[in-house]
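Visitor: Sharing a structure here in structure tokens format.
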Amino acid sequence: MQDRILPPAKAVQNTHCTAQDYAALHARSLSDPDGFWADQARRIDWDRFPTRIAGWSYDPVDISWFEDGILNLCFNCVDRHLPSRADQVAILWEGDEPGVARTLTYAGLYAEVVRMANCLKELGATKGDRVTLYMPMIPEAAVAMLACARIGAVHSVVFGGFSPDALRGRIDDCASRFVITADGGMRGGKLVPLKANVDEALEGSAVQSVIVVRHCGNAVAMSEGRDHWYDTLGATVPDTCPCEPMNAEDPLFILYTSGSTGKPKGVLHTTGGYAVWTATTFHYVFDYRDGEIFWCTADVGWVTGHSYVVYGPLANGATTLMYEGVPNYPDCSRNWDMVERHKVDIFYTAPTAIRALMREGAAPVKKHDRSSLRLLGTVGEPINPEAWRWYYETVGDSRCPVVDTWWQTETGGIMITTLPGAHAMKPGSAGLPFFGIAPELVDAGGNVLEGAASGNLCIARSWPGQMRTVYGDHERFVQTYFTAYRGKYFTGDGCRRDEDGYYWITGRVDDVLNVSGHRLGTAEVESALVLHPKVAEAAVVGYPHDIKGQGIYCYVTLIAGEEASEALETELKQLVRHEIGPIATPDLLHFTPALPKTRSGKIMRRILRKIAENEFATLGDTSTLADPGLVDSLIEGRRNT
Ligand code: 6R9
């Protein structure tokens, strides 16, 4: 099979961007960024159109875009569509059970957003307040985000799969006084007790008000004075609510993400740049045409859900499909069943889901009509060429281009991808830089590599969707992203550029794991493990996993006198689930009498990683180990199941 696949004919017809367009636009985006981004900014309605466009420096680090512009992103996602799209479906929702569906037209979305915004105001929330959302994938999750944007409150969405402890940490970090949640959520036929988790998280906290959306009807405790049912509170609020005029650099949201050290950091995005970036990338990357049904399977708890379930599609007046459940419930044809029933045009998912479904063979796909599909996308982790081909050939019948979109929570939106009508695709490569993006590959010594090369992926210039700071800790922002290579943004990813200028992301080069497309810090899992009274030390690394991309491999040493056992293994797995959430459950636990350390006491993670990866032949230099003999016993004890 050829390694370059030309865009199928249908993709090239009426495309928003041909190969010639891309070349011209990309060149201009770098030679005249102010002119280019002033033009793209016209996708957004501004109360005051910005006169200052790019205003940033990477040394010292200070980033702003559209600095003197004034806008409201909720207005751009909702109100401005009312004259032309009031009756068009904005959010097409399907519940966990097949066929349980709800639609919100733009007019309906407007009414709900106003209601939620007024509920927040009634409880005292104002511009700049942080509001934590802990929601199932229901329309009210998007409604709550937009309601915050409407009144100028800063949302912090916490994934509903995170534990009460993880939720508490995120509420405390940004000092949220308001929480929006639901009684429960359904995933794969199982109830997630969201409200009960909130209650546990809020013990002894300063949170003043909780809005509870009634969804599953499960019994919940309501704390008098603090907790309010959304339907009751929302029944009596006014049915209009002005949009707060926001400066382009006013905060829009905080989203916590894992790094290589310490606790998760609050990635802060601001209003104007994020609006322009998500609106522009959505338009070009998905080559979106009016009336199409767009389905991004991500949860709103992740950045992909923020940018491509909510803000990007709605800013473009699209119909966005929101699905509460999981791809294998009630069976593994669920995605394709929904594609058929809702006539989905564009489908955007993660490689881990593709690999899991690929294992089930072609039959569950083929039994559903997928002729509505025009475009496929992936995000979250590198996709192996085999899974790419299955997606392209079996799901898309070799008819639909696949966009493999590389980006990060920090980047706000898509950074590297092919454009469907412009570029040949190479299975396994994300492709080419989006407009305004200047990737650089840098070696360990900080030298910029030219031409075909492999190195650490940096971005040389700012783009509108870039995060502005780590909430409450600007120094950490500078340290994490701008210190390894001065004057550049360092992504944390390794990458190869081929002779055609295509980028091939090889994965994280730091201590961040990517498990089923979810980011996890090894340090977070280690901190959870050492909470156990029998554990002395823990070191966590990733290893290749057929479905998840990476699995979690934990080396654990016990305090003197304690014995390893299956029961202890189960307890430790439970502990991590409890501390972080089910996505962080260790796959393999390896009890060892000691960890390999240098003479100065530093854990040699390189060796632990190689052993977990079964790469015994390439352990490299072990002579600096305090106890070189330990390596053999670690290899012998390597866990496979
Ligand atoms: C959007 C999102 C970011 C990390 C990133 C990289 C990996 C994302 C990818 C990809 C290869 C792709 N990643 N997309 N790797 N190809 N198309 O996933 O954000 O959760 O912050 O993760 O995910 O390693 O650095 P986030």
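The values are calculated or read from the model by the stated rules, or taken from the named source; none is laboratory data. Small disclaimer: the values here were computed from a predicted structure and weren't measured. Cβ sites come from the backbone with ideal geometry, for glycine too, and all protein chains shown count toward neighbours. Accessible surface areas use protein heavy atoms only, side chains included; no ligands, DNA or RNA. Shrake-Rupley method; radii C 1.70, N 1.55, O 1.52, S 1.80 Å.
Visitor: When each pair of different Cα atoms in the stretch 1-133 is counted once in the 1/r mean, what is the Kirkwood radius in angstroms, to one decimal?
Guide: Working: mean 1/r = 0.0514 Å⁻¹.
Mean inverse Cα-Cα distance, inverted, gives 19.4 Å.
Visitor: Take the Cα gyration tensor of the stretch 154-299, multiply each eigenvalue by 5, square-root it, and list the three semi-axes largest first, rounded to whole angstrom.
Guide: They are 28, 21, 19 Å, listed from largest to smallest.
Visitor: So who's got an amide H within less than 5 Å of the one on HIS215, skipping anything under 5 residues away but keeping other chains? H placed 1.01 Å off N, in plane.
Guide: For HIS215, whose amide H was placed from the backbone, the distant partners under 5 Å are ASP183, GLY184.
Visitor: Sorted by accessible area (1.4 Å probe), largest first, how do SER454, SER633, SER372, SER600 line up?
Guide: Largest to smallest exposure gives the sequence SER600, SER454, SER633, SER372.
Visitor: If you don't mind, there's one more thing I want to ask. Set the Förster distance to 51 Å, then compute FRET efficiency between VAL100 and ASP627 from the Cβ-Cβ distance, nearest 0.05.
Guide: 0.30
Visitor: Compute, for the stretch 1-150, the length of the dipole vector about the Cα centre, with Cβ point charges of +1 (Lys, Arg) and -1 (Asp, Glu) only. Units Debye, rounded to 20.
Guide: 280
Visitor: Related question: Residues with amide H under 5 Å of MET322's amide H, sequence separation 5 or more or different chain, H placed in the peptide plane at 1.01 Å from N; which?
Guide: The answer is LEU92, TRP93, GLU94.
Visitor: Moving to a separate point now. Could you calculate the FRET efficiency of ARG48 with HIS578 from 1/(1 + (r/R0)^6), where r is the beta carbon distance between them and R0 is 60 Å, rounded to 0.05? Mind showing how you got there, number by number?
Guide: On the way: r = 49 Å, r/R0 = 0.82.
Working from the Cβ atoms, E equals 0.75.
Visitor: Then there's this: Which of the trypsin sites (Lys or Arg not before Pro) found in the stretch 478-569 are loop residues per DSSP with 10 or fewer other Cβ atoms within 10 Å of their Cβ? Don't skip to the answer; put the middle values down first.
Guide: Values: sites: ARG486, LYS488, ARG496, ARG497, ARG508, ARG519, LYS534, LYS548; in loops: ARG486, LYS488, LYS534, LYS548.
Sites meeting the loop and neighbour criteria: ARG486.
Visitor: Explain nothing, just the number: dipole magnitude of the chain about its Cα centre with +1 on each Lys and Arg Cβ and -1 on each Asp and Glu Cβ, in debye rounded to the nearest 20.
Guide: In debye, rounded to 20, the chain gives about 560.
Visitor: Report the dimensions of the stretch 9-496 along its three principal axes from the alpha-carbon atoms, largest first, rounded to Å.
Guide: Cα extents, longest axis first: 64, 56, 46 Å.
Visitor: Report in % the part of the accessible area of the stretch 9-496 that belongs to carbon and sulfur, leaving out ligands and nucleic acids; probe 1.4 Å.
Guide: Carbon plus sulfur share of accessible area: 51 percent.
Visitor: For the pairs LYS343/LYS366; LYS343/LYS367; LYS263/LYS602; LYS190/LYS366, note any where the Cα-Cα span goes beyond 25 Å.
Guide: Flagged as over cut-off: LYS190/LYS366.
Visitor: What whole-number value in Å² describes the accessible area per residue of the chain for a 1.4 Å probe?
Guide: Details: 23000 Å² over 641 residues.
With all protein chains present, the chain gives 36 Å² per residue.
Visitor: Measuring from label point to label point, each 7 Å out along Cα→Cβ, what is the ARG341 to ALA235 span in nm?
Guide: Calculated label separation equals 3.1 nm.
Visitor: Can you pull the semi-axes for the stretch 516-637, root of five times each eigenvalue of the Cα gyration tensor, sorted largest first, whole Å?
Guide: Equivalent ellipsoid of the stretch 516-637: 23, 18, 12 Å, largest first.
Visitor: Given 0.36 nm per residue, what is the gain on full extension from ILE547 to LEU191 after removing their alpha carbon distance, in nm? Let's see the in-between values first.
Guide: Numbers: separation 356, 0.36 × 356 = 128.16 nm, distance 2.44 nm.
Between ILE547 and LEU191, full extension yields 125.7 nm more.
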